[in-house]
Amino acid sequence: MENMSEVLRATKLFQDIPHEILQEYVIPKGTVSHFAKDSCLFSTQERVDTIKIVLRGKINIVYYYADGSYSLASTVLPLRVLGLDLIATRSRISPYFAIAAEPSEIFSLPADAVLRPGDIPENARQLMLSQLLIMLSHFHLQKEKHLMVLSRNGLRDRIMTYLSLQAQQKKTFSFSIPFSREEMAAYLCVNRSALSHELSLMREEGWIDFSKNRFTLLKYEQAEIASDSLGHGKKYD
């Protein structure tokens, strides 16, 4: 129990909540579930009534289309909240699938325990609501950045825009991304073979270097210009 409170306090949602509140009011209301790789946590048109915190593993937010293709909207890593955008809506109906990209462990808490008064001491609940609002803002900024990437016409422009935004966020020109090559292609809405071919060309031409999911931007000036033009110098979490 005490170990779980330590884990939960490492999340943004519960970082300001005392251990005793977590142990007495939050943890007993929650459940811990385990999901094998490729398991579906919830699907499109399913109602989501719980705040889900990824304790271990990786969850992909995926849209599937009638022709069998799919796109990757985002990835939820450990200590992040899954479905935050859903619990804040009136219907709480999901438009996407949440798929375990690797074996994952999830802590689920009824959303109403946080959103409505009564179950958790009010001072602590208000602190959680403040964090939820901040996290929602960050979530929508992440979606805005994804739209920035997809708005670029050429494949190379999409790649460079995405990598430049990653460099800007992490404040370094050498960084790891949370995607495999297949996931990166799905995020950029491009063919995987075309992506691999373009990445190889960009490395040959001295734009980037990479090994698996770790990338280095080699033309610093161009990367800075791309980041500034898209983010206007802002540093988003």
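The values are calculated or read from the model by the stated rules, or taken from the named source; none is laboratory data. Because the structure is a prediction, the values reported are computed rather than measured. Note: ideal-geometry Cβ built from the backbone for every residue, glycine included; neighbour counts use all protein chains shown. We work out accessible area using only protein heavy atoms, side chains counted, and drop any ligands, DNA or RNA first. Shrake-Rupley method; radii C 1.70, N 1.55, O 1.52, S 1.80 Å.
Within segment 59-83, being closer than 20 Å to Gln15 by Cα and open to solvent by less than 10 Å² (accessible area, probe 1.4 Å) holds for Leu82, Gly83. Restricting the search to segment 162-185, which residues are in contact (Cβ under 8 Å) with a residue 60 or more places away in the chain and over 18 Å from the mean Cα position of the chain (by Cα)? The one that is in contact (Cβ under 8 Å) with a residue 60 or more places away in the chain and over 18 Å from the mean Cα position of the chain (by Cα): Lys171. Against the criterion of being surrounded by 14 or more Cβ atoms within 10 Å (Cβ to Cβ) and more than 24 Å from Ser43 (Cα to Cα), Arg116 does not qualify. Pairing residues of segment 43-70 that are closer than 12 Å to Ala100 by Cα with residues that are basic (Lys, Arg) and not in a strand (DSSP E or B), at Cβ distances under 7 Å and at least 6 apart in sequence or on separate chains, gives Val54/Arg80.
Remark: Asp119 matches the filter, which requires a residue to be acidic (Asp, Glu), more than 25 Å from Ser180 (Cα to Cα), in contact with a strand residue (DSSP E or B) (Cβ under 9 Å, 6 or more places away or on another chain) and touching a residue at least 40 places away in the same chain (Cβ under 8 Å). Scan segment 187-215 for residues that are assigned to a helix (DSSP H, G or I) and open to solvent by less than 10 Å² (accessible area, probe 1.4 Å) and the total you get is 4. Among the criteria (1) over 22 Å from Leu132 (Cβ atoms); (2) in a strand (DSSP E or B), the one Ala73 does not fulfil is (1). Looking at segment 146-155, is at least one residue among the hydrophobic types (A, V, I, L, M, F, W, C) and farther than 20 Å from Glu198 by Cβ? Scanning segment 146-155, I find at least one residue that is among the hydrophobic types (A, V, I, L, M, F, W, C) and farther than 20 Å from Glu198 by Cβ, so the answer is yes. Looking across segment 113-128, the residues that are within 27 Å of Lys58 (Cβ to Cβ) and out of contact with any Asp or Glu (no Cβ under 6 Å at 6 or more places or on another chain) come down to Val114, Leu115, Met128. Residues in segment 125-149 that are open to solvent by 30 Å² or more (accessible area, probe 1.4 Å), touching a helix residue (DSSP H, G or I) at 6+ places or on another chain (Cβ under 7 Å) and either of a type in the set (Phe, Trp, Tyr) or more than 30 Å from Glu24 (Cβ to Cβ) (or both): Phe139, Met148. Taking the numbered list (1) modelled with pLDDT of 95 or more; (2) of a type in the set (D, E, K, R); (3) surrounded by 13 or more Cβ atoms within 10 Å (Cβ to Cβ) in turn, Glu122 passes all entries but (3). Identify, please: which residue in segment 42-58 is over 21 Å from Ala10 (Cβ atoms) and in contact with a Phe, Trp or Tyr (Cβ under 7 Å, 6 or more places away or on another chain) and is, among those, most open to solvent (accessible area, probe 1.4 Å)? My answer is Thr44. Sub-9 Å Cβ pairs linking a first residue in segment 189-205 that is at pLDDT 95 or above to a second residue that is surrounded by 15 or more Cβ atoms within 10 Å (Cβ to Cβ) and assigned to a loop (DSSP other than H, G, I, E, B), at least 6 apart or interchain, are Glu198/Val190; Leu201/Trp207; Arg203/Leu218, ordered by first then second residue. Of all residues in segment 1-24, those being open to solvent by less than 70 Å² (accessible area, probe 1.4 Å) and either part of a helix (DSSP H, G or I) or free of Cβ contacts under 8 Å to residues at least 24 places away in the same chain (or both) number 8. Would you confirm whether any residue within segment 97-106 is small (Gly, Ala, Ser), surrounded by 13 or more Cβ atoms within 10 Å (Cβ to Cβ) and more than 17 Å from the chain's Cα centre (by Cα)? Among the residues of segment 97-106, not one is small (Gly, Ala, Ser), surrounded by 13 or more Cβ atoms within 10 Å (Cβ to Cβ) and more than 17 Å from the chain's Cα centre (by Cα), which makes the answer no.
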